[in-house]
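**Student:** Before I ask anything, let me first share the structure, which is written out below as structure tokens.
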Amino acid sequence: MTGKTTTTARVRTRIAVLTAAMIAAPAAVAVPAAAQEPMRDCVVSDFEIVENERRAAAGTAYIEFTMTRTGEGETPAQEPCNLYRYASLNWVDDQGERVGAWAVREGGGDSFTVEPERTALLTVAQPNPDNYDPQLCVPTPVAGIEVSLYIAEAPVTVPTGGHDTACANPEVAVPRYTIEPSEVY
């Protein structure tokens, strides 16, 4: 045998031995159980939602709500959940009846994880009904917002103190909303 043939034979032997060892050996790295299961999606009952602050600019009121991850819903309190930036959101009167248009989502972004005890921010931008013809707008007192995060879940009504007004006409003064991770923990 030549030197080249001997070297080639040794390389082939080593490759065969390594391949056999890799096939026969059990996996050295265990995958944690949490990594094997996909993270649950958040539902509205996973949060306590409360009004945080208000500000106004250019004929629009901005009402910020803090969504604190409590674990009351489908996801146990000690587990994180995946929050999509979409919601079904509308104003309701003191009888719980919908007033005006469904809120429209603003902005973009992917879903994000909300850890236990952490927060997300829901901001509703409500155009001032006084900026519209009252006969077209039909200004109506509202008691709060109704929110759901998943199409098949029952919504939660979040009171806003009863000092808001929305246009009953769903084609006028359509509210907008954003859902963002909170920077404050």
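What follows is calculated from the coordinates using simple rules that are stated; it is not laboratory data. It should be emphasised that the depicted structure is a prediction, and the values quoted were computed from it without experimental measurement. Using ideal geometry, Cβ is built from the backbone for each residue, glycine included, and neighbour counts are taken over all protein chains shown.
**Student:** Express in nm, to one decimal, how much length is gained between N52 and D94 on full extension, taking 0.36 nm for each residue of separation and deducting their alpha carbon distance.
**Tutor:** Numbers: separation 42, 0.36 × 42 = 15.12 nm, distance 2.05 nm.
Computed gain between N52 and D94 is 13.1 nm.
**Student:** What distance in nm separates the simple spin-label points at T113 and D130, each placed 7 Å from Cα in the Cβ direction?
**Tutor:** It works out to 4.6 nm between the two label points.
**Student:** Obtain the nm distance between the two label points defined at S182 and N82 by a simple spin-label model: each point lies 7 Å from its Cα along the Cα-to-C-beta direction.
**Tutor:** 2.3 nm
**Student:** Could you size up the charge dipole of region 50-185 around its Cα centre, putting +1 on the beta carbon of Lys and Arg and -1 on that of Asp and Glu, and report it in debye to the nearest 20?
**Tutor:** On the way: 8 positive and 21 negative charges, 49 e Å.
It comes to approximately 240 debye.
**Student:** If you don't mind, another one. For H163 and T68 in the same chain, what is the full-extension length gain: residue separation times 0.36 nm, less their Cα-Cα distance, in nm? Don't skip to the end; give the middle numbers.
**Tutor:** Working: separation 95, 0.36 × 95 = 34.20 nm, distance 2.36 nm.
Length difference between fully extended and current span is 31.8 nm.
**Student:** What is the sum of charges, Lys and Arg at +1 and Asp and Glu at -1, for the other residues whose Cβ falls under 15 Å from the Cβ of A101?
**Tutor:** Numbers: positive: R98, R105, R176; negative: D93, E97, E106, E146, D164, E171.
Around A101, the charge tally is -3.
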